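The values are calculated or read from the model by the stated rules, or taken from the named source; none is laboratory data. Everything quoted here is computed from the prediction, not taken from an experiment. Please note: Cβ atoms are built from the backbone with ideal geometry, for glycine as well, and neighbour counts cover all protein chains shown.
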Amino acid sequence: MGKNPFESKMIQVNKTDVYVVGGRSKGGILCRDYDVMSSCLCLNVETNVVKQRSSMNQGRYANGACNIGALIYVLGGKNVNNQIIESCEVYNVSTDKWNKIPDVRHCSSMTTIAVRKRYLFGFGCFYTSHNLRDKTIERFFRLDSYKLQKGWQTIKLANPFTVNGFQYGVIPLTSHNTTQ
């Protein structure tokens, strides 16, 4: 019996191609011959043909995903044992190759990724270190896609609420921010 994927991420990179990456699986008929967690599928919306593409280096679900042009970025998430992972990867749709990019340290399972020009912004994460769970601040992460070797930058914003905003889907914006 095959598997039906869920908690996968879908990214439309052009007019015709939608990519489905990662996720978990349950018994079913949709996913019988591949590892769902590390999978990368391409659905052509004009022909309704699904093609299996190269697998990610590390299987994941509950991760962030976005694209800049023909590059798909997957960030953090959880592994098959439901453990938080910090690894990140980029997929080139033209070459069908995955490459590792800098890890998101101390934070993963980012559910929201935004793109602004060449920058990726991640938020809505769970912290891997209890020392970083500070309800007085919100942490955002930024990666320059032109300067991957510099890694992720942490941006902190003051939080006037009693819980971190990502837990309820609201990010408080204040006039004070610091960068570390």
Restricting to the range 112-145, name every residue that is of a type in the set (D, E) and either exposed (fewer than 15 other Cβ atoms within 10 Å of the Cβ) or modelled with pLDDT of 75 or more (or both). D134, D144
Do you know which of the residues in the range 3-57 that are exposed (fewer than 14 other Cβ atoms within 10 Å of the Cβ) and under 18 Å from I68 (Cα atoms) is modelled with the lowest pLDDT? M10
